[in-house]
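A short worksheet on the structure shown next.
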Amino acid sequence: MKNNPILHTDTLILGAGLSGLSTAFHLEKAGKTDYLLVEKNDFFGGLCASEHIDGFTFDFSGHLLHLRDSYALRLVRQLLPGNLAKLKRKALVYFEDKLIPFPFQAHLWAVSSQVRQECLQGAAKAAQTPFKKPDNFRQWCLQSFGEGIYRHFMGPYNRKLWQTDPADMTWDWCGPFVPAPDTEQIQAGAVKPNPKPFGYNAHFYYPKQGGIGALANALAAQVPNTWLNAQVQRIDLRKKEALINGKIVRFQHLINTLPLKAFIQMCAHAPESVRQAALLLKHTSVHVLNIAINRPALDISWIYFPQKDTPYYRVGVQSAFAQSNAPQGCSSFYVETAEKITDFDAAKQAILKDLSQKGIIKEQDKILLSYWQTLPVAYAIYDKNRANATHKILGWLNKNGCICVGRYGLWEYSFMERSLLQGRQAAQKVL
């Protein structure tokens, strides 16, 4: 052990994404400086990070700040003084070979008369049917919007996003995330453009400089007790020890933000029932094709693609979030797909061809750069096993003194504001 001294810390924080950084930040702010934040990467932020290549800034897919909590907004403004812009969502749906406003269900004026009629009839029938607690996400959609809207948009898009049949998903995640206009609003939107900006992300915040990684870096600048390139190998909650890069780290408090399924595999003495519950957790992996071209793009935020024969589900305009994300006269995109890819070069060529056919990229455009990012764990899937499995796992961890936070630590579908607030709450529990 002479070459492997035992390290000691009061609070060990696993993962330097937003939730881990927020936990450390709030401990530091409260004067509780006996903590250690460990991160396997050589940078901070996890997926809330940015890459800077040839004058372009790319995030790890679209990362936008939806700030409704007054403390979270105040905190972000303090962390990014003069470096935060409030933007209006300009989202579209590619449907019937053209771009129509998002959300689809509130802008039926833009679709063909046949589709409009099917959607209106379905919405009217749904409104006349007594609402019952849905058994799954498909039933929730049908009760909320009707058969037509489900068949033309909600079903195919969500099947692509989650790589799961909506009938095999629960509906408890979708309340704040799925725009749900009522029947009158759907009918009004079938006549003319609907002025109401439905959805939680009608407005959002984004750094003027540095990409979304500027937020993580601002937090990290105020958190001195960090260890990058630190791989967690084993956790012993009985001994309150962690094995990290071959070194033993002893702790009093443990905060986990690592993906729950992988974290349980690291835990010694986890009961078999907990390990089996972890095996039931499912997630999507997302591949992101980043593209830069030599002309300004349309002034839009992102586009949804529900079509089954389109290999991606969403295209975002990275350069639309901040002028600094691309050199003057150029623009950048991120293309998201949850489909499995075995030949990335062939997949890239197919996507570029499809984008050209749809008019998103033009034939005369020069591709200045393009490269892939892979998010191995992107979205926790809300299937019928998730609630019971997470209840069992988190219950055992909580009894054994481990606090889990963040979208992956809690295995949930959430946004960055919640990560910041959950980190604060975790620090308060330690304090």
Filtering the stretch 294-333 down to residues that are of a type outside the set (Gly, Ala, Ser), closer than 14 Å to Ser370 by Cβ and crowded, with 22+ Cβ neighbours inside 10 Å yields Tyr312, Val315, Gln318, Phe333
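For the stretch 211-229, what are the residues that are part of a loop (DSSP other than H, G, I, E, B) and surrounded by fewer than 21 Cβ atoms within 10 Å (Cβ to Cβ)? Spell out the reasoning first.
Taking the stretch 211-229 as the starting set, the residues that turn out to be part of a loop (DSSP other than H, G, I, E, B) are 211-212, 221-225, 228-229.
If the condition is that a residue be part of a loop (DSSP other than H, G, I, E, B) and surrounded by fewer than 21 Cβ atoms within 10 Å (Cβ to Cβ), then Ala221, Gln222, Pro224, Asn225, Leu228, Asn229 are the ones that fit.
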Residues that are assigned to a helix (DSSP H, G or I) and touching a Gly at 6+ places or on another chain (Cβ under 9 Å), drawn from the stretch 395-414: Gly406, Arg407, Tyr408, Gly409
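Just to be sure before I move on: is Ala85 surrounded by fewer than 19 Cβ atoms within 10 Å (Cβ to Cβ) and either at pLDDT below 95 or part of a loop (DSSP other than H, G, I, E, B) (or both) in the structure I sent?
On the way: surrounded by fewer than 19 Cβ atoms within 10 Å (Cβ to Cβ): yes; either at pLDDT below 95 or part of a loop (DSSP other than H, G, I, E, B) (or both): no.
Considered against the rule, which asks whether it is surrounded by fewer than 19 Cβ atoms within 10 Å (Cβ to Cβ) and either at pLDDT below 95 or part of a loop (DSSP other than H, G, I, E, B) (or both), Ala85 comes out as no.
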Count of residues meeting criterion [within 22 Å of the chain's Cα centre (by Cα), closer than 18 Å to Phe58 by Cα and assigned to a loop (DSSP other than H, G, I, E, B)] in the stretch 292-311: 2
Can you tell me which of Asp354, Asp343 is under 17 Å from Gly316 (Cβ atoms), free of Cβ contacts under 8 Å to residues at least 60 places away in the same chain and not β-branched (Val, Ile, Thr)? Asp354
Considering only residues that are within 17 Å of the chain's Cα centre (by Cα) and assigned to a loop (DSSP other than H, G, I, E, B), look in the stretch 188-210 and name the one that is surrounded by the fewest Cβ atoms within 10 Å (Cβ to Cβ). Ala202
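The values are calculated or read from the model by the stated rules, or taken from the named source; none is laboratory data. Owing to the predicted nature of the structure, the values given are computational and were not obtained by experimental measurement. In this analysis, Cβ positions are derived from the backbone assuming ideal geometry, glycine residues included, and neighbour counts consider all displayed protein chains.
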